[in-house]
Each structure stands twice: as C-alpha cells, then as structure tokens.
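Some notes on the structure that comes next.
Readers should treat all values here as calculations from the given coordinates under stated rules, not as data from a laboratory. Bear in mind that the values here come from a model prediction, so they are computed numbers and not experimental data. All Cβ positions, glycine included, derive from the backbone under ideal geometry; neighbour counts span all protein chains shown.
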Amino acid sequence: MTNTVEVEIPLFIKINSADNTAIIVNTSGLKEGTEFSCGLTLTEFVPQGHKVALVDIHPNEEIVRYGEVIGYARDFIRKGSWIRESLIVMPTSPEMDSLPIATKVSKVTPLEDEYTFLGYRNADGSVGTKNILGITTSVQCVTGVLEFAVKKIKQELLPAFSNVDDVVALTHSYGCGVAIDAPDAVIPIRTIQNLAKHPNFGGEVMIIGLGCEKLVPSRLNDGKEDDNILSLQDEDGFIKMIESIVAMAEERLQKLNERKREVCSVSDLVIGVQCGGSDAFSGVTANPAVGYATDLLVRAGATVLFSEVTEVRDGIHMLTPRAETQEVGEALIREMKWYDDYLNKGRVDRSANTTPGNKSGGLANIVEKSLGSIVKSGTTPIVDVLAPGEKACKKGLVFAATPASDFVCGTLQLASGIHLQVFTTGRGTPYNLSVAPVMKVSTRNSLQEQWHDLIDVNAGKIATGEATIEEVGWEIFNEILEIASGTKETWADKWGIQNDLALFNPAPIT
C-alpha cells in the first residue's frame, strides 16, 4: 500500500483589478517561498486572511483593496510580503459636504416568481413570524420580580397553550435616575416603545412598572392607561405581585393561543443584516452572499435593514449615490454627522471600532472593514433612513442608524421591527435575540467545521470555489423563508441561546 499526501493548492483572492493586495485563502496560512500559479512568490509567511503585496509598494503610496484606498504605505513593502497593520497609515474619512446624492439609482426588477411564508397576521395588518407573549418593563427595578414570574409562567402555564412559542421579558436598565427630557433621551424611550409593539407579540404585550419611575408606564402604551399595565407599588407584597402578573399573563396567553399561521407575502417581512466578529473574508464571501439575498428580498417586496454607522461611515461615498432621493441622501449624511459628533464628545476616533479579533482575522483598519461591511446592503436603492430605534415603514432597502455593537444594533433593529437577523461572522459568536432569530453565516469553511452546531449557512465555500455568491445568496433567501414559516430553527434558537437587550442611551444619567 502506498501512502499519498494531498498537497493543498496555494490560493489568494484579489477582489478588484485595481487592487495591489490580495488575501491568503489557505487555512494554515502559507510559508515563505510559496509560489502561486500567476508567478507570485511569498517572501515570508502570511497567515490566512491577511494581505500579501502583489507589487512593490513604496512609502506613501496607496494600498488598495476592493478598488478603494484602505491606507498608505508607512515603509517600503516588497512584492510577496505580508502587509501588516503596522505598515499601513489610515486615510482620512470621506468629506460629507460635497458627496454625490441619488446619482446611481438602479431600477428594482421584481422576481418572476411570487414567494410566500407562513406567518401570523395581526389586527393592525402587521405579520408575526413567532407567537410570543411579550412582557416589557418601564424601569429596571422590577426586573427581578418579573423574571421570577416569567419562570413560573413558563413552568405552570405555557405547556397548556401549545400555539404560543415563548414568554419573553423585555428587561432593560432604563427608567430611573435618567434625564428623561434631555434631547437624546428620545432614543432609548422610542426603542422601548417600539420593542413593545413588535409584531411577534400579536398586540398582547404586558407592561410591568414600579410606580415612581421617570419613564411612566403609560408612555409605553401610547399614553393610554389600560388593563395591560401593572405597577408593583400597588400590590400587597411579593406573592400578590407574582399572582397578579401570572393572572394577567394567562388572559393574554388564551388570546395568543388562538393565532394561526397563514400564507403571507414576502413583502410582509422585515429582515435585518449585521456582521460581528468580522475578518478579511467577510467582504469576500458572507457579506456579498448576504448582499445578493438582500437584493432578492427587496425584489420580492420585503424590507431589509442594514446598520452600524461606524462600519459604513468610511464608505459613505459609495452609499449616497444609491439614495433614492435627495432627501434620503441628506438623511444618510445627517446620521453620519450625528455619530461623528457623538464620538468626538467622547474623544474617541473611528479607529477604536476595529477589534483585536478583526485584526487577527486580517482586517487592518476601519476603512477596510467598512468596505467589506457595506456589501451586505446589496445593490438596490436606499429608500429610507431611520434614526436609532425608529420603526421601519417603507418597503425596500433601509439604512437604520445604530452603533456597531452587536447587542445594541440587534436591540435597535428589533425595535425597528425585524423578524429575523442575518448575521455574518468570521471569528464566530453565539449571539442571539429572544424575539427574533439570528441566522449565522460563516465567512470561512474552517469556522463552519469548528462550530458545526452554531453556523446556519456556510459562505466559506465561495472562497474555495465550491459555490458561487449567487448560490449561497439563494440558500440564505430560502432559509429565511423556512425560519419565518416556523418549519426550521436556527441553531441558536434550537439551543435556547438568548442575549440581553442593550439600549443605546446617549443622554445623561442624573
């Protein structure tokens, strides 16, 4: 018997013909002396996902990836060498006072076939993809009592209501000791208000307050004093608090249990896209595939939200031309400027965004990260811009302004009404939302192999030529419809993983 050793073909990926860099595909990186079929020879070891110089780059010359300048050479960079982060001087952010607006607005061609899913139609015309009893709070003080009550409801009541998926406590750290009338307080307040109106709650949300908080419960109920509000200071002791919460929950569980799935149009869906634990493959595999799925969803009539201000700021010049109108373009710029000012107040520059994990995965700076991030938005026109926590009200591609933090972005997109979040990752994260599932899309084959029971779709096969961007895009699109219909679970939902809600509160705390 003859033993044979399979030799791995050295591979790199160059995105644009103008690029003078490429990233290494091979899982273990490639050693010095490795020769590619094009004739390029490595002068040193280069790790997977990190950049190799395709030509000699002299000091102060442009370093180009995605056809865009991601920095300037600090020193001479030899052809075939590893372009380390320390060799790159980051360029300045694009100026926003003279950006082109609405100059590249493409036409949206509807899909030939009509696509549907099975959802829960609500009285207000909205559609849910889950059937959940939501219990929100007006202040953090009540969280402990509510969590005790929810545990009791799940154990003693929920099994009797087979059509109800879950009972979820929408807890947060707001409501007391806050500057409730400060201008920026509108952000956390409308976020909490819109979370309570999520279509997966079927209009049966409960509100638990304390009684002395600044965020009075009626503000979460459109100003109405209704039978869905309970203040703990009105109750006679702890046991009575729990009994009252459980009794209120039972009434609503009975109503929710009557909801039935019916055929709904894809145009009823609101999908969020986000990335976290990004690496150099994010903008090559997972994000382009998600971008293709985004286009499919928009063409089918759905609403798609993309977000993360600091991860689009350095690519804003590529987005304003896609604004459907002058007004939309100006709104994009408004949100970028607001966030620039917000960071300046904290004396934090944009370079703070790129994490150690991003850099280990080959991303040198926020410019490179942004160029790969915005690909998730696809190619269709941007039809609307939402300030943080605003509800989506237009069909098509929408920019929902949020910080880049996974948890804060997820909470704000949830308040905007997403039914599902498509989340791309190169480094890996088990993050999930209790109200809407988070579908994980891996950028690399090795991550899917390592996290085989957490990754839902593997886009890494694009890098190795086993699948095309279009094929993975359709896979994501079809998986969204299955999850929305309740016929398939994400891995994170299967394991019951749930992250806490994280409000964005730029207003003062008193």
Longest exposed-site-free window of the chain, the sites being trypsin sites (Lys or Arg not before Pro) in a DSSP loop that have at most 10 other C-beta atoms within 10 Å: 348-510
FRET E, pair Asn163, Asn478, Förster distance 25 Å, beta-carbon r, rounded to 0.05: 0.50
Residues whose placed amide H lies under 5 Å from that of Leu54, excluding near-sequence neighbours: Thr21, Ala22, Gly80
Tail weight of P(r) past 34 Å, computed on alpha-carbon pairs of the stretch 264-495, percent: 8
Calculated from backbone phi, Karplus (6.51, -1.76, 1.60) coupling profile of the stretch 492-503 in Hz, x at Gly/Pro: 4, 5, 4, 7, x, 6, 9, 8, 5, 5, 9, 6
3J(HN,Hα) from dihedral phi, the stretch 476-484, Karplus parametrisation 6.51/-1.76/1.60, rounded to Hz, x for glycine, proline: 5, 4, 5, 5, 4, 5, 5, 5, 4
Average Cα contact separation per residue, the stretch 264-495, under 8 Å, 6 or more apart, as relative contact order %: 30
Arg334-Ser267 FRET efficiency (beta carbon distance; Förster radius 35 Å; 0.05 resolution): 0.80
Interchain or long-range residues, amide H under 5 Å from Ala102's placed H: Arg322, Ala323
Share, in percent, of DSSP beta bridges within the stretch 36-178 that are antiparallel, nearest 5: 65
Gained length - Ser405 relative to Ile13, 0.36 nm times residue gap less alpha-carbon distance: 138.3 nm
Calculated on alpha-carbon atoms, Rg and Dmax of the chain in Å: 24.4, 83
Inter-probe distance in nm under a simple model that places probes 7 Å from Cα toward Cβ, at Lys154 and Glu449: 3.6
Distance in nm between pseudo-label sites at His317 and Lys104 (7 Å out along the Cβ direction from Cα): 1.1
Long pairs among Lys107/Lys488; Lys440/Lys488; Lys104/Lys395; Lys337/Lys395; Lys376/Lys440, criterion Cα-Cα beyond 22 Å: Lys107/Lys488; Lys337/Lys395
Rounded to 5, the percent of DSSP beta bridges in the chain classed as antiparallel: 40
Centre separation in Å (Cα based) which lies between the stretch 100-165 and the stretch 434-509: 18
Cα long-axis angle, helix 186-196 against the chain (0 to 90 degrees, to the nearest 10): 70
Under 18 Å from the Cα of Lys369 - lysines, other chains or at least 8 residues apart: Lys14, Lys51, Lys359
Top positive-direction residue, dipole computed over the chain with Cβ charges, set Met336, Leu215, Leu297: Met336
Crossing angle, helix 286-299 versus the chain [Cα axis fit, 0-90 degrees, rounded to tens]: 60
Long-range HN-HN contacts of Thr424 with modeled amide H, under 5 Å: Gln274, Cys275, Gly276, Val441
Degrees separating the helix 143-156 axis from the principal Cα axis of the chain, which is the longest one: 80
The stretch 132-256: Lys pairs at Cα distance under 21 angstrom, eight or more positions apart or on different chains: 11
Derived scalar couplings ³J(HN,Hα) [the stretch 204-215; Karplus, 6.51 cos²θ - 1.76 cosθ + 1.60; whole Hz; x for Gly, Pro]: 10, 5, 9, 10, 10, x, 9, x, 10, 6, 6, 7
Residue-count net charge about Asn26 - beta-carbon cut-off 12 Å; Lys, Arg +1, Asp, Glu -1: +1
Cβ-placed point charges (K, R +1; D, E -1), dipole of the stretch 220-322 about Cα centre in debye, nearest 20: 680
